[in-house]
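The values are calculated or read from the model by the stated rules, or taken from the named source; none is laboratory data. Predicted, not measured: the structure shown is a model, and the values here were computed from it. Quick reminder, even Gly has a Cβ in these numbers, built from the backbone with ideal geometry, and neighbours come from all protein chains shown.
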Amino acid sequence: MASNLLVNIAWTHVTTRVRQTLVGMAGVAMGVGFTIMMAGLMEGSQIDFLRQLVDTMPHVTVQDEQRAAPEQPAEHEYGAVQMSSVANVNSRPGIRYPESRMASLRSWLPGDVAPSVRTTAIIDHGGRVGVTLIGIDPRLEVRVSKLASQMREGQVSDLLRAPNAVIIGLALADKLAIKPSDTVTLIGGQGTQVSAAVVGIFRSGLKRVDEGQIYATLGTAQVMMGQSGIINELRVRLNNPLIADTIAKRVEGQIGYKSVSWQEANSDLLSSFAVRDFIVLTVMGAMLLTSSFATYNIISTITNEKRQDIAIMKSLGMRETSVRSIFIMEAAIIGLVGVIAGWAIGYALCYGWSQITIYNTLTGTKVPISIYYAPLHYVVAGGISLLCCTGAAFFPARKATRVHPVEIIRGAS
C-alpha cells in the first residue's frame, strides 16, 4: 500500500510538469539513440575491415621454421653452454613430410589445410615490380581461402590450363597495364626467369595484397625458388576464425613448426583497435552522462518547487528514505521512457546509415556503410542511462529531504 502511494505521488509530479518531463525524456532518448548509433557504426566498420583482412589470408599459417632455437645437447650437462650467430645455409629447408603432417592435422582440425610455397619474385611487363609469389594447389586452395570468390576475371582452376600460369591482383594489373592472356616475365631470387601467362585477376579489397601478391601453381613457385618438391608453408582455414590462436598453439605443439594465427600476424593492428574501442566507449559514456544532466536539472527544479509538499509529508511521519524514493522514482520514470524512445531512435539512425553508400573513386565501386546490430548495445546504453538518471536524482532529493519541516514552513510563511 505504501509503495503504491509513493508511485502515485511520483507519477503526479511527473505528469503535472509535462514540458520539463518531455525535455528530460528527450535528453535521455537522444543520448541513448546516438550512443547506439555510434556503437553500431564503429563496431560494424571494424568487423567489416577484419572480415576483409581475414578473407585475404589463412587463419593459421604453418611456416618452415622453429619459433625458438632447438635445445642443444650440451645444455643438459652444462647449463650455460650456448652458441649464437652460427651461419646455417640450410636453416629453412621446407616442411618435412608435408602430406603426412596435413593428414594428421585433418583428423581433428575444425577446417581444412592445404600446402603452399611462398617466395619473392619480380614481375616484368614494361616495368618491374617486386611481389610475393604464392604457389598453390588450385584443387585444394578453394578449401582454405576466399580466392575463388575474389576473382574478377578467370577462375582459380585456370592455373592448371597453361604452363607457368599466374593470377595477379587488380591493382597490380592496373599498375603494369596487364590484361588476361598477356604474358609476363617472372624473375626469381636465383636469377631464374620464367615466362608466365596471366590467366586471372583477383581483387581482395586490400591494396597491399592486390598490388604485391600473385598466385601460381606449386611447380612454378618451386622452379622460382630453385628447389623442386619443396613445401615451405601449410595454410589452414577454420570454420570459426576466432579460435585461430588456440588452434595455432595446438598445431605448433603437434608438428613442431612455427604456427602463426591471423591475430598474431596482425597483433599491432588489433591493439590499435583496442585503443580505438576504449576511446569510443569513453565518448559514448560521456554522451550518456551528459544526457543525465537534463534529469538532474528537472529533479532539482521539482524538489525546490515541492519543498512545502516535502515538509507536509515529513510532518505526517513519512521517513526521509520514502520521500527520497519519490524523486528517484520520478527520475526512473523519465529515464525508462527516454530509454525506450532512445532505442527506437538508435535503431532508426542505424537503419538510415545502413542505406547510405559511399562511392570509392579508386575502385569505382559503391561501398555500403556497415552497421552492426547487437542487443548488447541496447542493453548497455539503456542500463547506463537509467543508472545515470537515478544517480543524478539522488543528490538533489537527498539535500531536500534533509531539511527540517519547520524550517521549510517558516521560510514559506
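Take the stretch 206-225 and flag every residue that is surrounded by fewer than 20 Cβ atoms within 10 Å (Cβ to Cβ), touching a residue at least 24 places away in the same chain (Cβ under 8 Å) and out of contact with any Gly (no Cβ under 7 Å at 6 or more places or on another chain).
The answer is Leu206, Lys207, Gly212, Gly219.
Any chance the stretch 318-328 includes a residue that's in the same structural domain as Leu50 (by TED's automatic domain parsing), modelled with pLDDT of 85 or more and surrounded by 20 or more Cβ atoms within 10 Å (Cβ to Cβ)?
No, that holds for no residue.
Is at least one residue of the stretch 269-285 modelled with pLDDT of 80 or more, part of a helix (DSSP H, G or I), of a type outside the set (Gly, Ala, Ser) and in contact with a Pro (Cβ under 8 Å, 6 or more places away or on another chain)?
No, every residue in the stretch 269-285 fails to be modelled with pLDDT of 80 or more, part of a helix (DSSP H, G or I), of a type outside the set (Gly, Ala, Ser) and in contact with a Pro (Cβ under 8 Å, 6 or more places away or on another chain).
Consider the stretch 44-91. How many of its residues are at pLDDT below 60 and closer than 16 Å to Leu269 by Cβ?
Residues that pass the stated criteria total 0.
What is the number of the single condition among (1) without any contact (Cβ under 8 Å) to a residue 24 or more places away in the chain; (2) in a helix (DSSP H, G or I); (3) more than 23 Å from Arg67 (Cβ to Cβ) that Ser228 does not meet?
Condition (2) is where Ser228 drops out.
From the list Ile247, Ile168, Ile255, Ile230, which residue is within 17 Å of Gly127 (Cβ to Cβ) and not acidic (Asp, Glu)?
Ile168
Tell me, which residue of the stretch 233-281 that is under 14 Å from the mean Cα position of the chain (by Cα) and within 18 Å of Asp55 (Cβ to Cβ) is surrounded by the most Cβ atoms within 10 Å (Cβ to Cβ)?
Trp262
Taking Thr290 as the residue in question, decide whether it is of a type in the set (S, T, N, Q) and within 30 Å of Met25 (Cβ to Cβ). Step through it out loud before you land on a result.
On the way: of a type in the set (S, T, N, Q): yes; within 30 Å of Met25 (Cβ to Cβ): yes.
Criteria met by Thr290.
Residue by residue, here is whether (1) modelled with pLDDT of 90 or more; (2) within 21 Å of Ser107 (Cβ to Cβ); (3) of a type outside the set (Gly, Ala, Ser) holds:
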{"residue": "Ser228", "(1), (2), (3)": "no, no, no"}
{"residue": "Arg235", "(1), (2), (3)": "yes, yes, yes"}
{"residue": "Leu242", "(1), (2), (3)": "no, no, yes"}
{"residue": "Thr246", "(1), (2), (3)": "yes, yes, yes"}
{"residue": "Arg250", "(1), (2), (3)": "yes, yes, yes"}
{"residue": "Val260", "(1), (2), (3)": "yes, no, yes"}
